[in-house]
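Colleague: Please read through the structure below; I'll follow up with questions.
Values in this text are rule-based calculations from the coordinates and carry no lab data. This is a predicted model, so every value here is computed, not measured. Cβ sites come from the backbone with ideal geometry, for glycine too, and all protein chains shown count toward neighbours.
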Amino acid sequence: MSLEPNYRVIAFDPGGTTGWATYSALYVPGTTQEWFSETYRMGHLGSHDHHQQLEQLLGMQRVQDYTVVCERFDDRPGGTFSVNLKAKEYIGVIEKYCAEEDIPLFRQMPTTAKTFVKDENLKRLGIFHGKKWKHAMDAERHLLWYLVNGGPRRFDILKKGWPNE
């Protein structure tokens, strides 16, 4: 059996510095333990225009079963908030890539992941990397919310990261 991942989720926290996080695994359904060779990775794209970096990262991460998760940005007419046009631009790059490549895209409100995944949960899972990685950590929060509540419903991750809940 090849140990190359055939399942990957990449999550984004877009903005001036776009954070990203991936979960990769070899998924073998119907076996006693279905998830093998699991890895988490994360990082930031530069603070300059990074349309090309974003498209390259999306392309390089693609495997057989590939899903993209992205923080949503909704216009709120009449609301008082600061508009991050760069975030909206980068979300557009992600949406375009997923539409052209027929890749599932899940959008999440910022508070969805940030209220569910606390620093303590990341520490229990061994993927807390400190405050200097703020945007990448926020991408990890979106990633974990999706893994537990979205597609694969990974209750084993929930049990490890939220043992008393």
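Colleague: Would you mind giving the three semi-axes, in whole Å and largest first, of the ellipsoid equivalent to the chain according to its Cα gyration tensor?
Modeller: On the way: eigenvalues 135, 76, 40 Å².
Over the Cα atoms of the chain, the semi-axes work out to 26, 20, 14 Å.
Colleague: Still on this structure, I have one more. Taking the Cα centre of region 7-158 as origin, sum charge times position over the Cβ atoms of Lys and Arg (+1) and Asp and Glu (-1), and report the length of that vector in debye to the nearest 20.
Modeller: So the dipole magnitude of region 7-158 works out to roughly 540 debye.
Colleague: Now for a separate question. Rounded to the nearest 500 deg cm²/dmol, what is the calculated helix-only ellipticity per residue at 222 nm for the chain, with -39500 (n - 2.57) per DSSP H run of length n ≥ 4?
Modeller: Working: 6 runs with 63 residues, N = 165.
Only helices count here, giving -11500 deg cm²/dmol.
Colleague: Going by average Cβ neighbours within 10 Å, how do the peptides 152-161, 100-109 rank, with the highest at the top?
Modeller: With the highest mean Cβ count within 10 Å placed first, the list reads 152-161, 100-109.
Colleague: I would also like to ask the following. Once the Cα atoms of helix 85-101 and of the chain are each reduced to a long axis, what angle between those two axes, in degrees from 0 to 90 to the nearest 10, is obtained?
Modeller: With both axes taken from Cα atoms, the answer is about 50 degrees.
Colleague: Taking Cα atoms, how many degrees apart are the long axis of helix 51-60 and the longest axis of the chain, rounded to 10 and kept between 0 and 90?
Modeller: Helix 51-60 and the main axis of the chain meet at about 10 degrees.
Colleague: So for each of 131-144, 56-69 I average, over its residues, the number of other beta carbons within 10 Å; can you give me the resulting order with the highest mean first?
Modeller: 131-144, 56-69
Colleague: Provide the percentage of antiparallel DSSP beta bridges, counting only those with both residues in the chain; round to the nearest 5.
Modeller: Restricted to the chain, the bridges split so that about 60 percent are antiparallel.
Colleague: How far is helix 134-149 tilted, in degrees, relative to the longest principal axis of the Cα atoms in the chain, given as a value from 0 to 90 rounded to the nearest 10?
Modeller: It works out to around 50 degrees.
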